[in-house]
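Q: Sharing a structure here in structure tokens format.
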Amino acid sequence: MSGAIALKAPDPAILSRRDQIIADLADFLPAGTVVSSERELKPFETDGFIAYRRMPLVVTLPRTTEEVAAIMKYCAKYKVPVVPRGAGTSLSGGAIPQEDAVVVALTRMNRILEVDYPNRCARVQAGVTNLAISEAVSADGFFYAPDPSSQLACTIGGNIGMNSGGAHCLKYGVTTNNLLGVKMVLFDGTVIELGGKALDASGYDLLGIVCGSEGQLGIVTEATVRLIAKPEGQRPVLFGFETSEGASACVTDVIAAGLIPVAIEFMDKPAIEICEAFAKAGYPLDVEALLIVEVEGSETEMDAMLKAIIDIARRHGVKTVKECQSATEAALIWKGRKSAFGATGRIADYICMDGTVPLSQLTNVLRGTAKIVARYGLRVANVFHAGDGNMHPLILYNINDPDEARRAEEAGNEILKLCVDAGGCLTGEHGVGIEKRDLMTHQYSKPDLDQQMAVRAAFDPDWLLNPSKVFPLEGRS
Amino acid sequence: MADIYEPQTEADAAAMITEAAREGRALAIFGGNTRAGFGQKVEGAAFTAKRLRGITAYNPSEMTLTALAGTPVAEIEAELADNGQMMAFEPADHRMMMGTEGVPTIGGLFATNTSGPRRFVSGAARDSLLGIRFVNGMGEVIKSGGRVMKNVTGLDLVKLLAGSYGTLGFLTEVTFKVLPVPRTEATVVVTGLNDAEAAIAMSAALATSCEVSGAAHLPESVRWLFGKNGLPDGPATLLRIEGVEASVADRVNRLQPFLQRYGAVSQIDQGDSQQIWREIRDVTPFSEDGSCKPLWRISCAPSAGHQLLAALRLETGVNAFFDWQGGLVWMQMEGDGEAEMIRAYLKRLGGGHATLIRARDSVRAAIAAFEPQEKGVAALSAAVKAKLDPKGIFNPGRMG
Ligand SMILES: Cc1cc2nc3c(=O)[nH]c(=O)nc-3n(C[C@H](O)[C@H](O)[C@@H](O)COP(=O)(O)OP(=O)(O)OC[C@H]3O[C@@H](n4cnc5c(N)ncnc54)[C@H](O)[C@@H]3O)c2cc1C
Ligand SMILES: Cc1cc2nc3c(=O)[nH]c(=O)nc-3n(C[C@H](O)[C@H](O)[C@H](O)COP(=O)(O)OP(=O)(O)OC[C@H]3O[C@@H](n4cnc5c(N)ncnc54)[C@H](O)[C@@H]3O)c2cc1C
């Protein structure tokens, strides 16, 4: 990639002490916790934002909160930066290391500590995968609601870092709405607990600000999350439209009619083709845009809701309506959608944008996106959470062609600015990371950013935690 | 110096706060002042948002509304109702409970992060709040969040300001999510359960796929303080179902037989159902009647609520009822100054927080209204406060 985004220059003093730091860490951590050979460090050099890579100073794989606390205490004492990491699936470069930083990867803290049905919550370690929680409680009729497409791999700690969402968040909300409490280690090794099994906590909503803070406020080691009883039934329906405008207008009208399905997912023609070729999900190929609308509840309820939605779709020139007849068919429909990024990755390199816009702006922004991408001579596939206006244009390019990579990055930046100008924001669920860091000034004024950075400094006065991310490097106080 | 500051615009507010900060003058922030009887008395020049009034943007098809902070809640609710929408977190009207008058404002609502019976499905006020504008303690105008449903662009100051009781910033404008009003509702009632049995029944009901949107238990001792509302006699355990007609009927028909194993089951419909949930929401049984008996609001794990009440009943005079499946307990005490006992039991039962909502002035002066925090969290909260209001001019003493 063009490498237009600057990372902080590593601190030579820390680099020169590398051997000592490794020895010290190995000294107080159990054997096998510290990883330092080039071969072992390699898998950590990037995350889902593969255009950028940096080798870490050293990687630690702690198993307990106490070990995390010991690492933090040491790093605070010697002023060594720390990059918290889950599964490394971030699409914005949030988990990309830096040469002078210790990576603290939580993947070995992957136990479910307690499932409490009377209080409908589960207490888990931060490295548990998102899907593992739902799987653990599924047989008893419960699930954990936020469902990022990466849920097989990504960790709850990373979900908290990015306030992750998913297709079903239209009804159930994103991570912040489903998080009851955390245990977390502060920059100096202090361990605190925020929230718990009660719905409201006392004092300032520190949990609210930790969620989505991209590893800058502390390292989460445990989380208490809400469990929800599974609905009686679920049914996804496919709607194929003649035009993207028709599909967008249908989304707006469904919401305006007071019908809130569990999910409304949008795919344009390129996305349909890519996903169908990969998943054989039975998507119609003779339409310009597709909506997957999922409703849930009892049969009566789903019938009533679907009837109303189909009526609305008819008014917008729907060409195909495909109700599925079996659980297998339903699973296939979702398989197509959930593998969208992976399937795209098989045909080209891509960067995935994540701007969110007010619903009334969907059509405008889709058109604007197409124009921008065409101007840069690139292709785009759109597959996104339409019900909440969270767009995901995938800009296709070739990572080995520096000029194309530069164009992709510039086109992405223009698209995000378009989203902000349309009354939206830079990122709905993937986070700022390094990718959108330098665009923050487009969304926020200087006092806005200064205030956020001041609050950040209340948690991490020396800026040791994930310091290259989120806030533009220049103008930091 | 004015006796009372009533900025007409955000710029006014910023100028007044800049000056107050320069002079180190404390400000007592309020909206409609319906919470005047809460917590420690705040010393400072009165500073109100009530002239910052009006809905600035509302597009029903986008399900968001933006209003200036001093806009009366009632004005917003009326506008929403005209469009078949609502604030899903069910804001309460606590004027009867607090024995105050005045006009509750939308800024005050979010500054206190209030929420009613639907809390455990739809979240609290903070979960609906999408964007804010506020003036910090240095007089700077800050915006955070926006008007879209999903947003992880930077630190979520929106959540931080929600529920900060005017101690971190003076809100000038709020943008929040709204939802369609359910077409209909019904409440399934189980009668005759004691508090522990009710906790089990509520937890079982919430583990079904019936999508219960209200779960409350009214023990015998408070039953008579509620209106008649079609409820049978005896302690009542209430489970609300909302949605379109066919769906409500369907779910009620599934829930009723399921609950028969716990006690006698009946049903109340639309009007009565709405009435009883309004009374629960507004805490009308414990309306201020001149005696100013201490009123506590306990937030705890749902299964701990009834245990707390059982423990307290052995030691003192207390009347109470449960909302949020038992996770919210409203307790009216006979005696004063029982804070330590309440908080000690709560701690033993796994924690939570006890807030003194109402009490005589002398009692309020002696008791921390909010649950005292553990050391590390308290230090962090103080550090955060210092970053937003370094001179400590906003509501000194309010959050202890
Ligand atoms: C302890 C407590 C618990 C409550 N619990 C619930 C509940 O469980 N459910 C429920 O529905 N309601 C609850 N409320 C009610 C809620 O406060 C009212 O519904 C709200 O609308 C009051 O509005 P007001 O304008 O009268 O606020 P006021 O009484 O004027 O102010 C309330 C608080 O908000 C602050 N404030 C007011 N305006 C602003 C502003 N513009 N910027 C910054 N801060 C501001 C004040 O400083 C004060 O601390 C609770 C209130 C309190 C105090
Ligand atoms: C194919 C694919 C599909 C995706 N689909 C979605 C989707 O549908 N919705 C969505 O929201 N996202 C999606 N993502 C993005 C990504 O999966 C999420 O951001 C996820 O939450 C990251 O989790 P992780 O464990 O991989 O965290 P990482 O990528 O390792 O880290 C993410 C951030 O959190 C911080 N962090 C990690 N663990 C901790 C911790 N314990 N304490 C403090 N900070 C921590 C890191 O420092 C970093 O800033 C997708 C990614 C891919 C590759």
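The values are calculated or read from the model by the stated rules, or taken from the named source; none is laboratory data. Here the structure is a predicted model, which means the values were calculated and not measured. Using ideal geometry, Cβ is built from the backbone for each residue, glycine included, and neighbour counts are taken over all protein chains shown. Just the protein is used for accessible areas: all its heavy atoms, side chains included, with ligands, DNA and RNA removed. Shrake-Rupley method; radii C 1.70, N 1.55, O 1.52, S 1.80 Å.
Q: In whole Å, what three semi-axes, largest first, describe the equivalent ellipsoid of chain A built from its Cα gyration tensor (square root of 5 times each eigenvalue)? Mind dumping the intermediate values first?
A: On the way: eigenvalues 285, 142, 77 Å².
Largest first, chain A gives 38, 27, 20 Å.
Q: So what's the net charge close to B:Ala236: Lys and Arg +1, Asp and Glu -1, counting the other residues with Cβ under 14 Å from its Cβ?
A: -4
Q: Next question. Looking only at B:Glu371, B:Glu185, B:Glu340, which one moves most when chain B is put into a Gaussian network model with springs between Cα atoms under 10 Å?
A: Maximum among the listed residues: B:Glu340.
Q: Beyond a 29 Å Cα-Cα separation, which of these cross-linked pairs lie in this structure: A:Lys197/A:Lys469; A:Lys338/B:Lys143; A:Lys42/B:Lys159; A:Lys73/B:Lys391; A:Lys230/A:Lys307? Kindly include the intermediate steps, with their values, before the conclusion.
A: Details: A:Lys197/A:Lys469 32 Å; A:Lys338/B:Lys143 35 Å; A:Lys42/B:Lys159 38 Å; A:Lys73/B:Lys391 31 Å; A:Lys230/A:Lys307 23 Å.
Correct reply: A:Lys197/A:Lys469; A:Lys338/B:Lys143; A:Lys42/B:Lys159; A:Lys73/B:Lys391.
Q: Something else: Relative to the longest principal axis of the C-alpha atoms of chain B, give the angle of the C-alpha long axis of helix B:73-82, reported between 0 and 90° and rounded to the nearest 10°.
A: With rounding to tens, the tilt is 60 degrees.
Q: Hey, another quick one. Pull up the cross-link candidates among the aspartates and glutamates for A:Lys319, meaning alpha carbon to alpha carbon under 16 Å and not fewer than 8 places away within one chain.
A: A:Glu242, A:Glu245, A:Asp268, A:Asp286, A:Glu288, A:Asp311
Q: Ok, one more. Looking at chain B as a GNM with Cα springs under 10 Å, which of B:Met333, B:Met341, B:Met97 has the largest mean-square fluctuation?
A: B:Met341
Q: Another question, if that's okay. From largest to smallest, what semi-axes in whole angstrom does the stretch B:4-180 give when each is the square root of 5 times an eigenvalue of its alpha carbon gyration tensor?
A: Values for the stretch B:4-180, descending: 25, 19, 15 Å.
Q: As a test of the definition: with a 1.4 Å probe, what buried accessible area, both sides summed, do you compute for A against B, in Å² to the nearest 100?
A: 6200
Q: Let me ask something else. How much of the accessible area of the protein assembly as shown, probe 1.4 Å, is carbon plus sulfur, in whole percent?
A: Carbon and sulfur: 52 percent of the exposed surface of the protein assembly as shown.
Q: Which net charge results when you count Lys and Arg as +1 and Asp and Glu as -1 among the other residues whose beta-carbon is under 14 Å from that of B:Pro257?
A: Residues near B:Pro257 contribute +2 overall.
Q: I'd like the distance separating the alpha-carbon centroids of the stretch A:358-407 and the stretch A:86-157, in whole Å.
A: Using only Cα atoms, the two centres lie 29 Å from each other.
Q: Go through the stretch B:197-272 and name the trypsin sites (Lys or Arg not before Pro) that are in a DSSP coil and have 11 or fewer other Cβ atoms within 10 Å of their Cβ.
A: Filter output for the stretch B:197-272: B:Lys228, B:Arg261.
Q: Let me ask something else. Using Cα springs under 10 Å in a Gaussian network model of chain B, which residue among B:Thr187, B:Thr175, B:Thr208 shows the largest mean-square fluctuation?
A: B:Thr208
Q: Compute the angle between helix B:195-206 and the longest alpha-carbon principal axis of chain B, please, reported from 0 to 90 degrees and rounded to the nearest 10.
A: 80
Q: If you don't mind, there's one more thing I want to ask. How far is helix A:362-375 tilted, in degrees, relative to the longest principal axis of the Cα atoms in chain A, given as a value from 0 to 90 rounded to the nearest 10?
A: Orientation of helix A:362-375: about 70 degrees from the principal axis.
Q: Something else about it: Under 15 Å between alpha carbons, and skipping anything fewer than 8 positions from A:Lys183 in its own chain: which aspartates and glutamates qualify?
A: In chain and number order, the partners are A:Glu66, A:Glu67, A:Glu114, A:Glu193, A:Asp205, A:Glu222, B:Glu374.
Q: Can you give me the solvent accessible area of A:Val185 with a 1.4 Å probe, rounded to the nearest 10 Å²?
A: We get 0 Å² for A:Val185.
Q: Can you give the translational diffusion coefficient of the protein assembly as shown in µm²/s, computed by Stokes-Einstein from the Kirkwood radius over Cα pairs at 20 °C and 1.002 mPa s?
A: 77
Q: Could you sort the residues of the stretch B:346-391 by number and keep only those whose accessible area is reduced by 30 Å² or more in the all-protein-chain setting relative to the chain alone, 1.4 Å probe?
A: When all protein chains are present, B:His353, B:Gln373, B:Val377, B:Leu380, B:Ser381, B:Val384, B:Lys387 each give up 30 Å² or more of accessible surface.
Q: Can you compute the helix-only [θ] at 222 nm over chain B? Use -39500 (n - 2.57) per DSSP H run of at least 4 residues, normalise by all residues, nearest 500 deg cm²/dmol.
A: Only helices count here, giving -9000 deg cm²/dmol.
Q: Grab the other residues whose beta carbon is less than 12 angstrom from that of B:His306, score K and R as +1, D and E as -1, and report the net.
A: -1
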